[in-house]
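The values are calculated or read from the model by the stated rules, or taken from the named source; none is laboratory data. What you see is a predicted model; the values in this text were computed from it and never measured. Glycine also receives a Cβ, built like all others from the backbone with ideal geometry; neighbour counts cover every protein chain displayed. These area figures cover heavy atoms from the full protein model, side chains too; ligands, DNA and RNA do not enter into them. Shrake-Rupley method; radii C 1.70, N 1.55, O 1.52, S 1.80 Å.
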Amino acid sequence: MKVLTPEQSMMTCVRCGACRNVCPTLNITGREADGPRGRVLMARSMLTGEIPVNQEIKDQLDRCLLCSACVDACPMDVQIPDIVMLAKEQIAAATEAGTYHQPGVKLNTTHNDIKKTPAPLRSVRDFMFEKVLSDQKNLNQVGNLLWFYQKSGLQSLTRSLGILKFFPEQMRQMERIMPEILPPSKRKPHMEFTPRANRKKEPKGRVAFFQGCIMDVMFRRTNDNSIKLLSKTGFDVVTPKDQGCCGALHHHSGKKDKTIELAKANIKAFEKAGVDYIITNAGGCGAALVEYVDLFRDDPAWLERAKVFSSKIRDISEIVHEKGELPETSGKGERVTYQPSCHLQYVMKVKDAPVKLVKTIPNTEYMELPDKKYCCGSAGIYNILQPDLANKILDQKMEKVKQTDSAVLITSNPGCYLQMKLGLHREGMEAEIETKHVVDYLVESIERAEKQGH
Amino acid sequence: MNETIERAPLDEKVISRLREIFGVERLLTSQTDMMTYSYDASFETQLNPQKPQVAVIALSTHEVSECVKLANEYKVPLYPRGAATGQTGGAVSTKGGIMLDLSRMNRILEIDHQNMQAIIEPGVIQNDLNLALKPYGLQFPPDPGSANMCTIGGMVSNNSSGLRAVKYGVTRHYVLGMEVVLPTGDVIVTGGAKSKALKSVSGYDLAHLMIGSEGTLGIVTRLRLKLLPLPVTRGIVLCSFERLESAGEAVNAVFSSGLQPSAIEIMDFNCIKAVNMMKPELNLPVDNEAVLVFEVDGAKEEVTSQVNRLKKVVEKYATHLKFSDEPNECEKLWQARKLVGAAVGLLKPGGFRVYAGEDICVPISRLPETLREIHNIAEKYGIVCGIYGHVGDGNMHTGPVVNSSNEVEMENVQKMVEEIHQLAIRMEGTTTAEHGVGIVRAKYMDVEHGPAMEVMRAIKRTLDPNNILNPGKMALPN
Ligand SMILES: Cc1cc2nc3c(=O)[nH]c(=O)nc-3n(C[C@H](O)[C@H](O)[C@H](O)COP(=O)(O)OP(=O)(O)OC[C@H]3O[C@@H](n4cnc5c(N)ncnc54)[C@H](O)[C@@H]3O)c2cc1C
Ligand code: SF4
Ligand code: SF4
């Protein structure tokens, strides 16, 4: 659990600047307000009422990627993304209430003209969070529709008809890089229990697999491979049926009640599984699960249960590297590089397990990605809301990827995966460089070795 | 000090000329932006942040030169700024004006490994340069605690140094030449305009006039730095002492035995307590007055033999002793020193560590006496503080911990700092060994320098007749 609440931690910032050199947005513009230290100061001035809620601050804070690189670098444990979120919640509340004016205005050129999100956009967003993301059945239906849309050729039809022109540029690009959705017949619920592949050996542990919501629809193959990888590296795997969305997206958009509801449901579901560890393959989800404890600060009964739950969370690379036994693997004689997931490296603190695993593969050459510390912009709403900054961040990332001259770009999180694909698509390099989740890369290497062995 | 210069207000004309130089994206005028340019890492600017009127982000010498010319023409104050990790308010405006952010001029232009030098722009971060040098087996040695975030331009302007100064010296020792934009906007290169020589005594050494001038005489836009081979490995000896005095004797004994440690760090009893709180597994002995951490570096065999010799010398004085020449183990022992800056904050629940009075330096022989005096002063004002520092050169960092909502404490800590600075001067030392003067130590300049201060003012007037570069600092003409 974090030692300090966001309110407390914003007061402990000593302005040392240790967070400056890891921030992707500051790296692009060099503007202090685009860096963590500036953001803490702005948010704090607003939250303490020193300056009123105003559009300038909202615009500035919206530029933060919430990637947590700064938290990892901060010696004082200042929770920058949480502080930014807190400020954004206050801004949202003030916008709803129409009270942007606060007493004690000190700023002389204050704009009190916060622009509201247009109503239809808001209701679509609310619907997404309330109904779709928190209900696996619903999500599956959306998945089915998406699959139908891709399969039926509607996709190419809309593409060629240019309907997508009405979407902003970013949406159109996003649409093109969406992974192929598996047909409904291949998206049946996972087996509740998958034993270790080699029954002659003692199990390396009994683990539960956290499937995630979007992950299980859009990246079903990676999820299947994750269970396979765990089994092949010696684990008995339980995949609880009544698990649900981690709540990260709800949390990030300030929907605390819903987040708590989802958290409780997951805690219950995994308590029943009776496992040593709970495994995720998406840094974003993993980070949210680790942070469940922070949701229950004021609820002692649930806090204890949350602590047990959170202490069991492990990333799949981490557990395979530390406790598992990787069978024989074989590469294709290609060079690969790795873009870490921010949530994985900065919140879950898993810095190099994926690389260590990849490095063990014979006939695969690993090349470090320069400046891999910087967030890629993680495909999503940020691309749409901050197209300018998002594109610059991505262009720079692709520049570095090119420098490594790799054939495969490995990621460890669906958001990063999509963003990397988007970047490669924009550069017209999709044919030369393949994007792959580290799990898929490992399973393919294992299966290649198995084939070669026969 | 009372010379005042008529200043034109920063009107639309200046702004539009700045827009021509920097474009719309790199000219910042919003109040929110100004708020974020109102501080550096100093306690002073945390209490009294000061906004500039505009900020610009420079990308080239040409832009800097044009900007300085404009400021000079309109007599607008101009404040150069690196990463603003300085602890003196050096990179903060005192009179509105233009904030010139140099952190984006951060390209490494050339690593000339054959000639053991590198050419860089001033915004390069110390650690980034060293990462780039590593594959060549080279290093840029000056190592401030802020190496991960401070710019080398800032280091040069403050003549920064770190705990390895005892063996490797300070930033000044690694500057071979530089390109500087003078307060008139003219651009000069010192240290030989075209030279790549490693040694030169040709002419006045203007680079060395610029080093440590804290942005008051010129703006550094390019640097030619001297590099050294990277030591292969390091060894650590960590030892504790019942009394401060025996720690002092141990240091003397080490020096007279002909050993040359790359760092000698001291931590007082409060620091020991704090580090134990943060990392209980280090388990430093609590009933002792001081811990010393020695570091030696070099080739493997050399390090092993140095560690053994060091051990023999200090054994006589120390109560406990741990040592290693194995990288992982060294890293663990070194944590004791590495964490201390942040750890002192734990000395008082809910408190935070203040960077003020943090940089005094006294003759090594007077260290124990000075440490005791500082604790007496702290006690008088009821302030908890941990003291640590570089014994090898007598530089001590005092870390008072206060509660920001306690007004009495906030006032007392300022009085305490004043007394610590006076103490340093009384002990034949200085108020600042590495962090600089800026705003916070300007008032001691006349006492420390006497008539030499007038020479400094004369130099300033000659180079910067309109007093546009970083005015309000270092007790120079205001
Ligand atoms: C946690 C922490 C630990 C620290 N430890 C040390 C330490 O061990 N040793 C040490 O010496 N310092 C230390 N410092 C102080 C500070 O980091 C150094 O002084 C550093 O060199 C300042 O670099 P900067 O880029 O942040 O400069 P800034 O703070 O931005 O500027 C410093 C001064 O240089 C001027 N300046 C900056 N760039 C230029 C330029 N290109 N041309 C002309 N003038 C310029 C500014 O006007 C200002 O006067 C520490 C600071 C912190 C927060
Ligand atoms: S590293 Fe932490 S304490 Fe330092 S400026 Fe950033 S947020 Fe503040
Ligand atoms: S969360 Fe990421 S983008 Fe936001 S301030 Fe921190 S490092 Fe920068």
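If you go through the stretch B:241-255 one residue at a time, do you hit one that is more than 16 Å from ligand 1 (Cβ to nearest atom), part of a strand (DSSP E or B) and more than 26 Å from the chain's Cα centre (by Cα)?
Yes.
Checking B:Thr45 against (1) closer than 30 Å to B:Pro135 by Cα; (2) among the β-branched types (Val, Ile, Thr); (3) within 12 Å of chain A (Cβ to nearest Cβ): exactly one of these is not met. Which one?
(1) is the only condition that B:Thr45 fails.
Only one of these is farther than 26 Å from A:Val207 by Cα, within 16 Å of ligand 3 (Cβ to nearest atom) and surrounded by 23 or more Cβ atoms within 10 Å (Cβ to Cβ): A:Cys342, A:Cys375. Name it.
A:Cys375
Table: residues versus (1) modelled with pLDDT of 95 or more; (2) in contact with a helix residue (DSSP H, G or I) (Cβ under 8 Å, 6 or more places away or on another chain).
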{"position": "B:Glu6", "(1), (2)": "no, no"}
{"position": "B:Glu20", "(1), (2)": "yes, no"}
{"position": "B:Ser30", "(1), (2)": "no, yes"}
{"position": "B:Thr36", "(1), (2)": "yes, yes"}
{"position": "B:Gln46", "(1), (2)": "no, no"}
{"position": "B:Leu59", "(1), (2)": "yes, no"}
{"position": "B:Glu63", "(1), (2)": "yes, yes"}
{"position": "B:Ala83", "(1), (2)": "yes, yes"}
{"position": "B:Ala91", "(1), (2)": "yes, yes"}
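What do you reckon, is B:Asn412 more than 14 Å from chain A (Cβ to nearest Cβ) and under 20 Å from B:Lys348 (Cα atoms)?
Criteria met by B:Asn412.
Of the conditions (1) within 8 Å of ligand 3 (Cβ to nearest atom); (2) open to solvent by 30 Å² or more (accessible area, probe 1.4 Å); (3) within 11 Å of chain B (Cβ to nearest Cβ), A:Val22 fails just one. Which one is it?
So the condition that A:Val22 fails would be (2).
Could you count how many residues in the stretch A:56-65 are open to solvent by less than 20 Å² (accessible area, probe 1.4 Å) and within 8 Å of ligand 3 (Cβ to nearest atom)?
Going through the stretch A:56-65 one residue at a time, the tally reaches 1.
Of everything in the stretch B:207-236, what is open to solvent by 20 Å² or more (accessible area, probe 1.4 Å) and part of a helix (DSSP H, G or I)? Give them in sequence order.
B:His208, B:Leu209
Test of understanding: among B:Ser146, B:Ser160, which residue is modelled with pLDDT under 95, away from ligand 3 (no atom under 16 Å from the Cβ) and under 25 Å from B:Asn395 (Cβ atoms)?
Result: B:Ser146 is the single residue among B:Ser146, B:Ser160 that is modelled with pLDDT under 95, away from ligand 3 (no atom under 16 Å from the Cβ) and under 25 Å from B:Asn395 (Cβ atoms).
Taking the options B:Ala58, B:Ala71, B:Ala83, name whichever one is touching a residue at least 60 places away in the same chain (Cβ under 8 Å) and either under 20 Å from the mean Cα position of the chain (by Cα) or at the interface with chain A (Cβ under 10 Å from one of its Cβ atoms) (or both).
Being touching a residue at least 60 places away in the same chain (Cβ under 8 Å) and either under 20 Å from the mean Cα position of the chain (by Cα) or at the interface with chain A (Cβ under 10 Å from one of its Cβ atoms) (or both) holds for just one of B:Ala58, B:Ala71, B:Ala83, which is B:Ala83.
What number of residues within the stretch B:136-153 satisfy the criterion of being within 14 Å of another protein chain (Cβ to nearest Cβ) and more than 16 Å from ligand 2 (Cβ to nearest atom)?
2
Can you list the helices (runs of 4 or more DSSP H) lying wholly within the stretch B:279-358 that have 2 or more residues being not hydrophobic (A, V, I, L, M, F, W, C)?
Fully inside the stretch B:279-358 and qualifying: B:300-315, B:327-338.
Test each condition in (1) away from ligand 1 (no atom under 16 Å from the Cβ); (2) part of a helix (DSSP H, G or I) for A:Asn21 and report the one that comes out false.
(1)
Within the stretch A:8-15, does at least one residue satisfy the condition of being assigned to a helix (DSSP H, G or I) and near ligand 2 (Cβ under 8 Å from one of its atoms)?
No, the stretch A:8-15 has no match at all.
Restricting attention to the stretch A:237-254, which residues are modelled with pLDDT of 85 or more and crowded, with 19+ Cβ neighbours inside 10 Å?
A:Val237, A:Val238, A:Thr239, A:Pro240, A:Gln243, A:Gly244, A:Cys245, A:Cys246, A:Gly247
Please specify each residue of the stretch B:367-398 satisfying the condition of being charged (D, E, K, R), more than 24 Å from the chain's Cα centre (by Cα) and more than 15 Å from B:Arg426 (Cα to Cα).
Residues satisfying the conditions are B:Glu379, B:Lys380.
Quick one: would you say B:Gly177 is in contact with a Lys or Arg (Cβ under 9 Å, 6 or more places away or on another chain), assigned by TED's automatic domain parsing to the domain that holds B:Arg224 and closer than 20 Å to A:Val14 by Cα?
no
Inside the stretch B:86-135, can you point out the residues that are open to solvent by 20 Å² or more (accessible area, probe 1.4 Å), of a type in the set (S, T, N, Q), within 14 Å of another protein chain (Cβ to nearest Cβ) and in contact (Cβ under 8 Å) with a residue 40 or more places away in the chain?
Residues satisfying the conditions are B:Gln87, B:Asn106.
Just checking, which of B:Met278, B:Met267 is within 16 Å of ligand 2 (Cβ to nearest atom) and under 25 Å from B:Asn127 (Cβ atoms)?
B:Met278
Scan the stretch A:33-50 and report the pairs whose first residue is of a type in the set (Val, Ile, Thr) and whose second residue is within 14 Å of ligand 2 (Cβ to nearest atom), with Cβ atoms within less than 7 Å and a gap of 6+ or a chain change.
A:Val40/A:Met10; A:Val40/A:Cys13; A:Val40/A:Val78; A:Val40/A:Ile80; A:Val40/A:Ile83
I need a count of the residues in the stretch B:35-46 that are touching a residue at least 40 places away in the same chain (Cβ under 8 Å) and either away from ligand 2 (no atom under 16 Å from the Cβ) or part of a helix (DSSP H, G or I) (or both).
Result for the stretch B:35-46: 3.
Suppose we keep only residues that are in a helix (DSSP H, G or I) and of a type in the set (A, V, I, L, M, F, W, C) within the stretch A:43-59. Which one would you say is nearest to the other protein chains (Cβ to nearest Cβ)?
Out of the qualifying residues, it is A:Ile57.
Condition check: assigned to a helix (DSSP H, G or I), acidic (Asp, Glu) and free of Cβ contacts under 8 Å to residues at least 60 places away in the same chain. Does A:Asp72 satisfy that?
In short, no.
Kindly list the number of the only condition in (1) assigned to a helix (DSSP H, G or I); (2) open to solvent by less than 10 Å² (accessible area, probe 1.4 Å); (3) hydrophobic (A, V, I, L, M, F, W, C); (4) within 16 Å of ligand 2 (Cβ to nearest atom) that fails for A:Val78.
(1)
State all residues of the stretch A:83-96 that are surrounded by fewer than 23 Cβ atoms within 10 Å (Cβ to Cβ) and within 15 Å of ligand 3 (Cβ to nearest atom); if no residue qualifies, say none.
Selection gives A:Met85, A:Leu86, A:Lys88.
Go through the stretch B:146-189 and count every residue that is among the small types (Gly, Ala, Ser), part of a loop (DSSP other than H, G, I, E, B), buried (at least 24 other Cβ atoms within 10 Å of the Cβ) and touching a helix residue (DSSP H, G or I) at 6+ places or on another chain (Cβ under 7 Å).
2
Restricting the search to the stretch B:349-380, which residues are open to solvent by less than 50 Å² (accessible area, probe 1.4 Å), more than 11 Å from chain A (Cβ to nearest Cβ) and farther than 15 Å from B:Glu418 by Cα?
B:Val362, B:Pro363, B:Leu367, B:Pro368, B:Leu371 - these are the residues of the stretch B:349-380 that are open to solvent by less than 50 Å² (accessible area, probe 1.4 Å), more than 11 Å from chain A (Cβ to nearest Cβ) and farther than 15 Å from B:Glu418 by Cα.
Among the candidates A:Thr29, A:Thr48, which residue alone is open to solvent by 30 Å² or more (accessible area, probe 1.4 Å), out of contact with any Pro (no Cβ under 9 Å at 6 or more places or on another chain) and within 16 Å of ligand 2 (Cβ to nearest atom)?
A:Thr48
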